[in-house]
Number of protein chains: 2
Amino acid sequence: MNISVPDAINLLTRTPKVLEDLLLGIPDELLYANEGNDSWSPYDVVGHLIHGEKTDWIPRMKICLSNDDNKTFTPFDRFAQFEDSKGKSLPELLEEFRRLREENIITLQNFQLTAEDFKRTAIHPAFGTVTLQQLLATWVVHDQNHIYQITRTISHQYREETGPWRAYLRIIE
Amino acid sequence: MNISVPDAINLLTRTPKVLEDLLLGIPDELLYANEGNDSWSPYDVVGHLIHGEKTDWIPRMKICLSNDDNKTFTPFDRFAQFEDSKGKSLPELLEEFRRLREENIITLQNFQLTAEDFKRTAIHPAFGTVTLQQLLATWVVHDQNHIYQITRTISHQYREETGPWRAYLRIIE
C-alpha cells in the first residue's frame, strides 16, 4: 500500500492519545520496567518519541526538500531520552509529545507535498540514498513499532504468570 | 511481577479506548487488510476480542471458582468473529466490546478474589490443569497481544514503503 499524506496524518495524529490511554496511571512497576539488559521501559519510549519529533522526522524532511549541497542526515541519537527526560513526570512527557506532534503535523500539511517531492532524496548515514516517501512511511511505522514495544514490555512483566498460555501469546513468545 | 486484581483491572479498563484511538476512522484499506493467508485484519481482531468477553475470560473464571465435578473449559472458538461480526460496522463492534468489557470488570470486582481463589484450578482442553491466577494474567497479556497484532497488521501494509529503514523496525522485520 502506498503511503499518502492524508493517511500518514490520519495515523500520526492518533499516537499521543494511544500513549496516554496505554500509560497514564499504570503502576510505576510497569512504567519503569524494561525487558532486561539495556532495553527500554515505556517511560523511556515516550522520551525517545519526543526526541524523534525534535530531531528526526520533520528536520530530515526539510533536508530532503532542500537544495543544499550537503544532504546528509545528522545521525539520530537513540539515547538522548536518558538525559532529556530526567526529572520529568510521565504526564509532562506525554504533554510535550502531544504538542510537538501537533506542530509537526501542521508543518507536514504546510509542505503541501507533491508526487515529485515524494521522490526527493537525502543521504542516510547508514543506508545511503533514501527518499522522502520512505521517510514518511517510516515515521508512521515507527510509531506502531513503539506502541508494540510498550505492549511487549508490559507483557514481559507477566510472562511467567501466564503459565502454559504463553505458548499462544506471540508477544511474549 | 505477580498479577493483582487492581493492576489487572487498571490494564483491562484501557483496552476499549486504545482500540478506538487506533482504529476509529482509519482508511478501510487498513481496517480490512491482513498480513496475508488466513491472518486477521484489525476489524477481525475486534470481533475476536468481543467473543473472548462473551465466552472466555469470565465464564472460565466461573469454572475455576465452581465446585462442579466437570471443570473442563469449553474450547475457545478462534473463528467465531467471522460469523458474529457479519454486517456490523466498526463503531458497533467497538461499542459492543466496550460495554462487555465494562460488565466483565464489574463481575471481576464482585468476585472479590482471595489469594486462595488465585490457586483454584480448572482443566484447559490443551494444557491440562491451569490456575485462575494464570487465567487472569493471560487475559491482560492477551489484550496487549492483540493491540500488537493491530499495530503489526497496519505496519505490514507499509513494509515496502519504508525502504531500507525496515531493518530498524522490528514490527515488520
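Check every one of the helices (runs of 4 or more DSSP H) wholly within segment A:38-113 and list those with 3 or more residues that are at pLDDT 95 or above.
Counting at least 3 such residues, we get A:42-55, A:57-65, A:90-111.
Select from segment B:3-37 the residues that are without any contact (Cβ under 8 Å) to a residue 12 or more places away in the chain, within 12 Å of another protein chain (Cβ to nearest Cβ), of a type in the set (S, T, N, Q) and not in a helix (DSSP H, G or I) and list them in ascending order.
B:S4
Which of the following residues is surrounded by fewer than 19 Cβ atoms within 10 Å (Cβ to Cβ), within 28 Å of A:V141 (Cα to Cα) and within 16 Å of the chain's Cα centre (by Cα): B:R152, B:R99, B:R78?
Going through B:R152, B:R99, B:R78 in turn, the sole match is B:R78.
Name the one entry in A:R170, A:R159, A:R78, A:R166 that is within 12 Å of chain B (Cβ to nearest Cβ), among the basic types (K, R) and in contact with a Phe, Trp or Tyr (Cβ under 8 Å, 6 or more places away or on another chain). Before the answer, list the steps.
Working: A:R159 fails: in contact with a Phe, Trp or Tyr (Cβ under 8 Å, 6 or more places away or on another chain); A:R78 fails: in contact with a Phe, Trp or Tyr (Cβ under 8 Å, 6 or more places away or on another chain); A:R166 fails: in contact with a Phe, Trp or Tyr (Cβ under 8 Å, 6 or more places away or on another chain).
Residue meeting the stated conditions: A:R170.
Return the residue satisfying two criteria in turn: it lies in segment B:114-138 and is part of a helix (DSSP H, G or I) and surrounded by fewer than 13 Cβ atoms within 10 Å (Cβ to Cβ), and of such residues it is farthest from the other protein chains (Cβ to nearest Cβ). Give the derivation first.
Restricting attention to segment B:114-138, the residues satisfying the condition of being part of a helix (DSSP H, G or I) are B:115-118, B:132-138.
Right, trim to surrounded by fewer than 13 Cβ atoms within 10 Å (Cβ to Cβ) and you get B:115-116.
Values: B:A115: 14, B:E116: 17 Å.
So the residue we want is B:E116.
The values are calculated or read from the model by the stated rules, or taken from the named source; none is laboratory data. Please read these numbers as outputs of a predicted model, since none were measured by experiment. Here Cβ is always computed from backbone atoms with ideal geometry, including for glycine, and neighbour counts include all displayed protein chains.
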